[in-house]
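The values are calculated or read from the model by the stated rules, or taken from the named source; none is laboratory data. Small disclaimer: the values here were computed from a predicted structure and weren't measured. Cβ sites come from the backbone with ideal geometry, for glycine too, and all protein chains shown count toward neighbours.
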Amino acid sequence: MPPIIAIANLSKVYASGHQALRDVNLEIAKGEIFALLGPNGAGKSTLINIVCGIVTPSAGTIRIDGHDAAKDYRAARTAIGLVPQELTTDAFETVWATTSFTRGLFGLKPDPAHIERVLRDLSLWDKRDSRIMTLSGGMKRRVLIAKALSHQPRILFLDEPTAGVDVELRQDMWRLVRSLRDQGVTIILTTHYIEEAEEMADRVGVIAKGEIILVEEKAELMRKLGKKQLILQLQGPLTALPASLAAHPGLALGADGAELTYTYDTQAAETGIATLLSDLAAAGLSVSDLSTRQSSLEDIFVDLVRTGARTSAGIDA
């Protein structure tokens, strides 16, 4: 099946000379939830704004649902719904009016039944006659999503969709996103909340300094790059590691001397745990308890951005 979004050799240099994007290549599959992660200034919003037709690229091509985004702009843009990061909407309009008006901007006939479904799904039906200016920040965020869904797009971009909203509303939005995906809508989201990507995404892309440094299925990414830690509670504290344990580079002594942490690669043929435990016994050290900790997506993301390591796995050339 061809990708619903295909980006090839995309670059953006602003008039100031700042290069926001550099030779970006990316394909998004139909019906997936794709999370784009990156620090502030990495190029996330620039990439989204170019795909959505808000910003003009300096080089490269974009195909959206089979349409060239430059040559067939109207058809490409109609396939997309965009929920921007900023809470900008018509303050004096009602929820119903602004959502219905947005549908009309795409040249579609009024469809009160569809607008009602969208507002009910977003728990906005009771607010349909309320002016935007009277709503809370979380409700305004829901209105932006309603506007983006008003013309029944096949692709939905969510730029920091849960920024500044409470945990309950965030979980409501997660449920909505999953529901949309089940209906066949492709979801692309940027987020600072790593747990959001870890909770929802099928694939994860990491962007840093305008370049895509990694694209991978979430589960495979965590399998490949995730590390585990074995935490051992000692029966008696140590002032320093015995010299006999120096052969274990992943071993570290906690600040209180009562805990040892051993970091190991889950993909390695030998984890070294059996040897470590044997060496601990030979050194006369007794363990009172042990546990393990798996790297989170946040750990992997921070490490990738810090090192800037370019990984070939999953990057579409």
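Here are the numbers for the structure shown:
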item	result
Filter pass, V167 being free of Cβ contacts under 8 Å to residues at least 12 places away in the same chain and in the same structural domain as H67 (by TED's automatic domain parsing)	yes
Any hit, the stretch 111-130, residues being in contact with a Gly (Cβ under 9 Å, 6 or more places away or on another chain), farther than 22 Å from R170 by Cβ and of a type outside the set (D, E)	no
Single residue of S286, S244, S278, S291 found to be exposed (fewer than 15 other Cβ atoms within 10 Å of the Cβ) and within 37 Å of the chain's Cα centre (by Cα)	S291
Residue that is within 17 Å of the chain's Cα centre (by Cα) and basic (K, R), where the choices are K44, K12	K44
The stretch 264-275, residues that are in a helix (DSSP H, G or I) and surrounded by 13 or more Cβ atoms within 10 Å (Cβ to Cβ)	I273
Qualifying residue in the stretch 211-226 (condition: surrounded by 15 or more Cβ atoms within 10 Å (Cβ to Cβ), modelled with pLDDT of 80 or more and farther than 15 Å from I300 by Cβ)	yes
Neighbours by Cβ (under 6 Å, 6+ apart or cross-chain): first from the stretch 208-221, farther than 12 Å from L304 by Cα; second of a type outside the set (D, E, K, R)	G210/Q19; G210/A20; G210/L21; G210/G43; E216/A313; E216/G314; K218/A201; K218/V204
Among the candidates A29, A69, residue that is at pLDDT 90 or above and either under 16 Å from the mean Cα position of the chain (by Cα) or not assigned by TED's automatic domain parsing to the domain that holds K209 (or both)	A29
Positions within the stretch 283-305 being assigned to a loop (DSSP other than H, G, I, E, B) and at pLDDT 70 or above, in sequence order	A283, G284, L285, S286
Qualifying positions in the stretch 1-31 - assigned to a strand (DSSP E or B), β-branched (V, I, T) and surrounded by fewer than 23 Cβ atoms within 10 Å (Cβ to Cβ)	V13
Counted residues, the stretch 57-75 - those being more than 19 Å from G104 (Cβ to Cβ) and either hydrophobic (A, V, I, L, M, F, W, C) or free of Cβ contacts under 8 Å to residues at least 40 places away in the same chain (or both)	9
Pair list, Cβ under 9 Å, 6 or more apart: the stretch 229-245 residue of a type in the set (G, A, S), other residue surrounded by 15 or more Cβ atoms within 10 Å (Cβ to Cβ)	G236/A258; G236/L285; A240/L253; S244/D279
Failed item in (1) at pLDDT 80 or above; (2) closer than 30 Å to E196 by Cα; (3) of a type outside the set (D, E, K, R), with G308 passing the rest	(1)
Looking only at the stretch 32-63, and only at residues there that are in a strand (DSSP E or B) and touching an Asp or Glu at 6+ places or on another chain (Cβ under 9 Å), the one that is nearest to W174 (Cα to Cα)	I33
